[in-house]
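Coordinate-derived values only; no laboratory data. Please read all numbers here as calculations on a predicted model, not as lab measurements. Virtual Cβ from ideal backbone geometry, glycine too; neighbours counted across all protein chains shown.
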Amino acid sequence: MKKSAPFELTIEFRDRFQQALNDRDAKFIRESLEDANPADITSLLYEFNSEESKYVLDMLPMEVRSQIINDLDSDTRKGFLKVYAHQELADIVNQLDSDDAADILNELPVKQSEEVLAGLDPLLRSQVIDLLRYDDHVAGGIMAKELIKARDTWTVVQCVDEIRKQAENVSKFYAVYVVDENDKLLGRVALQKLILSDPKTLVKDIYDEDEVVAQTHMEDREVAEIMKRYDLESIPVVNVHGQLVGRITIDDVVDVITEQAEEDRQLMSGITEDVEEDDSVWRNTRARLPWLMIGICGGMMSARFMGFFEMEISKLTAIAFFVPLIQATGGNVGIQSSSLVVQSLVNPGFVDEGLWKRLAKVFRVALLNGFFLAAIVFAVTWVVFRNERLNLVVSMALFCVVLFASFIGTVTPLILNRFGFNPALASGPFITTTNDLLGIAIYFLTIHLLL
């Protein structure tokens, strides 16, 4: 299928396309999508319901149809696949790589998944059944079975002949994996080296030992980090016996990184589930409510704590004016610190590269920030209130809040990471609520001691 530059999904085009769907104007639809890239068609289909999208896809070649369905996000695809008969789905899945096929089957009800599985080509069916044994978030669950492998005892010419046979089922490959008679991975040989070597040369004399491998039980995030660290386009996957069972390519890792970033973003926003705006009201409510309730509890504790200092507030009501300032500053400083630490924890060597040195740097930054903020607040309160003791108390409290909030924001994600929790938890409502309480405590204790 010819590919052209992406067409613009303007409002006028969408409206015209919708009209063509309503009128079942097949000629206009075919002409509109004739030179379109599958990715652009995927974006367009999000505008229409499942039945309308199926009508459009049925006009496209099976290869393009399967690519578009594979590119849909998981939640949209689950609803979309309901309008297909199991044999139609089997025909679509037969066009996909084994890892993508397994992902789609995992999204189907058990009965429908078994029906589709029965309609797959024998080779793909056996590969998918093998992949379905693994959890979604380990190397075995994201690997593809399609790869090119060669025996170490083959000559270069034998290896090239085998590549021609095996490449029919492999869309992209970057190297040939070398195995022994028991399928144990020995290494890999680059295609360039194969082409430049003498045809009679044995593979065992030219392959490079593969020191970077993924094991089937390795977490997908760890695999993504390894591929990022070593700038790999693909990585072989071995089982506990060292036998080659699949490979993971860069497009699979991009999906993992995207999913991880989305999960972290939602955790930092105080959302406990993977939800979209068009999900049900109940699911959206359930995802947001827990952290909102924690925030309410924190607010009630702050109010109760302020009640202990009712006498001080009654003597000088201006004290209460600065409570929002203290809370907001503490929350912002904490989120800044925790966000930087969470970002740095992506690098596995972050903690090993001198933890105390990093904490000392955080403390120095907090000192400077606290000094400048306290000086600004002191100057403003002096102009407005003309109360030297009040100015001193507010400034000192703010300075202390910045120091403690920076410390809490730095240490909390490190502790969570140490005990196996997602450190992104420390960058949202958790830090905000903690620093609100901390800020109020520091502020009123300073008032109690100095006023």
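Among the listed pairs K82/K165; K82/K184; K27/K145; K54/K172; K228/K361, a Cα-Cα separation exceeding 30 Å is found for K82/K165; K82/K184; K27/K145. Candidates V116, C159, L445 compared by Cα position along the dipole of the chain: farthest toward the positive end lies L445, with charges placed on Cβ. Would you mind classifying segment 149-259 by shape? Square roots of the alpha carbon gyration tensor eigenvalues, ordered a ≥ b ≥ c; an a/c under 1.5 is rounded, otherwise it is prolate if a/b is larger than b/c and oblate if not. Prolate, since a/c reaches 1.5 and a/b exceeds b/c.
Note on segment 11-133: with charges restricted to the Cβ of Lys and Arg (+1) and Asp and Glu (-1), its dipole about the Cα centre is near 360 debye.
Scalar couplings 3J(HN,Hα) for segment 168-181, obtained by applying the Karplus form with A = 6.51, B = -1.76, C = 1.60 to θ = phi - 60°, are 4, 9, 10, 6, 9, 8, 10, 7, 9, 7, 9, 10, 8, 5 Hz; x denotes Gly and Pro. Rg and Dmax of segment 1-135, both derived from C-alpha coordinates alone, stand at 15.7, 47 Å.
Under Stokes-Einstein, with the Kirkwood radius over Cα pairs as Rh, the value for the chain at 20 °C and 1.002 mPa s is 80 µm²/s. What is the helix-to-structure angle for 220-229, meaning the angle in degrees between its Cα long axis and the longest Cα principal axis of the chain, kept from 0 to 90 and rounded to the nearest 10? Roughly 90 degrees, rounded to the nearest 10.
Charge dipole of the chain (Cα centre as origin; +1 on each Lys and Arg Cβ, -1 on each Asp and Glu Cβ, all else neutral): 2200 debye, rounded to the nearest 20. Every helix of 4 or more DSSP H residues in the chain counts as -39500 (n - 2.57), and over all residues that averages to -20000 deg cm²/dmol at 222 nm. Rounded to the nearest 20, the size of the Cβ-charge dipole of segment 150-264 about its Cα centre is 720 debye, with Lys and Arg at +1 and Asp and Glu at -1.
DSSP bridge analysis restricted to the chain gives an antiparallel fraction near 75%, rounded to the nearest 5. For a test of the definition: using alpha carbon positions, the gyration tensor, and the 1.5 limit on a/c, classify segment 37-93 as rounded, prolate or oblate. Rounded.
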